[in-house]
Amino acid sequence: MSPSKINRRNFIANTARGTVVLSAGITAFTGLLESCSSSKKAMVPDMVKFTTGYNQTPLPYAYNALENVIDSQTMEIHYTKHAAAYSKALKEAVASEGIASNTSVEKILSGIASYTPKMRNNAGGHYNHEMFWKSMQPKTTDNKPTGSLLTSIEQTFTSFANFKSKFNVAATGRFGSGWAWLYSDGSKALKIGSTPNQDNPLMNVSDIKGFPLLGLDVWEHAYYLKYQNKRADYAENWWNIVNWNYVQSRFDAI
Ligand code: MN3
């Protein structure tokens, strides 16, 4: 934590638990903080940088940019049809369920138990995909994290190879549609897990709770044209296009 960040924020120290909870006076993540309180650990994402709106942000690369791993047709259908539908339906749900239009998706997710299945499916779907697009980049050789994230992965999972193996188990083991996650339950502790459908660790209904750092879409629409039933091959190839700089930026925010 840099001094400048410290100066920008108001700290409340909980010395009994040895944890520190940041109170930035921004309401967007109040629910998230509350939803994570059950883990007895602080959840302190960078609230401005990682606040999600309702519209799709532009895809940060061309449809064919990830061609060796994800084919162009899959990317285009996935972004312009599937993900676009989540954004559209999210906006419908926000309007019909009386939510203030400046409410962040994160705030909605943290209290998702209070809303309809339409909200759950589409707020989750929109959030997950907005994060998914940013977490990929064109294929590079020997693609792996560096710095503090690599150190933490190696400390938590023994090695980067072992981390990938455990993540792939989460991805291939998810029955039906869903997501595999690297997430933090607070205090930068790394966890691997999966959620069904469009759920994610920000939801107060989720079995796993925390701040998502990296998510892999294992719905068949994400890979079927190129990989058919071979989800394991998709998951293995995907490591070549993970944007570790983006994952690191999320890790730095907690
Ligand atoms: Mn998808």
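Throughout, read-outs are computed from the coordinates displayed, never taken from laboratory work. Please read all numbers here as calculations on a predicted model, not as lab measurements. Backbone-built Cβ (ideal geometry, glycine too); neighbour counts: all protein chains shown.
Quick notes
- Taking the range 220-239 as the range and being touching a Lys or Arg at 6+ places or on another chain (Cβ under 7 Å) and either away from the ligand (no atom under 12 Å from the Cβ) or part of a helix (DSSP H, G or I) (or both) as the test, only TRP239 passes.
- For the range 46-82, the set of residues classified as of a type in the set (Phe, Trp, Tyr) and within 16 Å of the ligand (Cβ to nearest atom) consists of TYR63, TYR79, listed by residue number.
- Residues (in contact with a helix residue (DSSP H, G or I) (Cβ under 6 Å, 6 or more places away or on another chain) and crowded, with 21+ Cβ neighbours inside 10 Å) located in the range 232-243: TYR234, ALA235
- SER96 within 17 Å of the chain's Cα centre (by Cα) and among the hydroxyl-bearing types (Ser, Thr, Tyr): no
- THR151 being more than 16 Å from the ligand (Cβ to nearest atom) and either among the hydroxyl-bearing types (Ser, Thr, Tyr) or touching a Gly at 6+ places or on another chain (Cβ under 6 Å) (or both): yes
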